[in-house]
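What follows draws every value from the coordinates through simple rules; no lab data is involved. Computed from a predicted model, the values in this text were never measured in an experiment. Cβ atoms come from the backbone with ideal geometry, glycine included; neighbour counts cover every protein chain shown.
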Amino acid sequence: MRLYILPNLFTTGNLFFGFYSLVASLKGEYEKAAWILFIAMFMDILDGRVARITNTTSDFGINYDSLADLVSFGVAPSILVYKWVLEPFGRIGWLIAFLFVACGALRLARFNVMASNEKTKDFVGFPIPAAAGLMASYHIFATHMLSSLPYKLLAIVAAFFMFTASLLMVSRVKYAAFKGELSKKGSFAVVLASVLAVFVIASEPYLFIFLIFFGYYLSGPLMLLKGREEALSEGVKENGL
């Protein structure tokens, strides 16, 4: 079996920081755990890019990446949220956390099968790194900007995000993959959006990080609703109504 070292080193980095985040959560260092997850995401982005650039993509690397992703973006964020706000809910709390892990594993398995059998420009289901980012960014946002709200309310919102993100991961809802489209067209809009993004990051960084993942989380269902409305409208026109 041929092993390609460079991309797998980044995958190992992803796994390392995912495990590090898990340890931080168990020690009660929740914000540290959340920020470490973003480092794991960066490593996850790099391993795929490096594999494609160097033409060292392999079945071993794909499966290793999925196993690392399950730890970093499935187990680590579920333990983070469970220890932070879900533990007082008892059985319901740990079942919601387990659902996130289980749906993440199913999402990764389906992605690997589809990657070899189907070619699509969109992701089918909410990507597990984005689901982890949603939970991590919500913790940071809630800690810094919603600390005056009742603890129970923050816990209920976290449980809602985790439950719905779990279902979206195993759904057929499509999410944009951003595979180079932004660099080919709409360049002025991208530049303008980038300038606005820098402004928002500088003024409210905790809010902006959460809004990125929250906006992506909503984009799938919104695209689905838009597609159904367009299909319904076309059907009405064809029937002459």
List, in order, the whole-Hz ³J(HN,Hα) value for each residue of the range 162-173 obtained from phi through the Karplus relation with A = 6.51, B = -1.76, C = 1.60 and θ = phi - 60°; use x for Gly and Pro. 5, 5, 5, 4, 4, 5, 5, 4, 9, 7, 9, 5
LYS174 long-range amide H proximity, modeled H, under 5 Å: GLY125
Tell me, what is the percent relative contact order of the range 5-238, built from C-alpha pairs under 8 Å that lie six or more residues apart? 20 percent
Let me have the relative contact order for the range 1-137, percent, based on Cα pairs under 8 Å that are six or more residues apart. 30 percent
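Taking a threshold of 20 Å on the Cα-Cα distance, which of the pairs LYS121/LYS174; LYS121/LYS226; LYS27/LYS152; LYS32/LYS83 fall above it? Walk me through the numbers before you get to the answer.
On the way: LYS121/LYS174 10 Å; LYS121/LYS226 18 Å; LYS27/LYS152 22 Å; LYS32/LYS83 13 Å.
Result: LYS27/LYS152 exceed 20 Å.
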Of VAL113, LEU67, ILE36, which is farthest on the positive side of the dipole of the range 5-238, counting Cα position, with +1 on Lys and Arg Cβ, -1 on Asp and Glu Cβ, and the Cα centre as origin? VAL113
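In the calculated pair distance distribution of the range 1-145, what percentage of Cα-Cα distances lie above 26 Å?
Details: 2582 of 10440 pairs.
Looking at the range 1-145, the distances longer than 26 Å represent 25 percent of pairs.
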How large is ³J(HN,Hα), in whole Hz, for each residue of the range 9-25 in order, when computed from phi with the Karplus curve 6.51 cos²θ - 1.76 cosθ + 1.60 and θ = phi - 60°, using x for Gly and Pro? 5, 5, 5, 5, x, 4, 5, 4, 6, x, 5, 4, 4, 4, 4, 4, 5
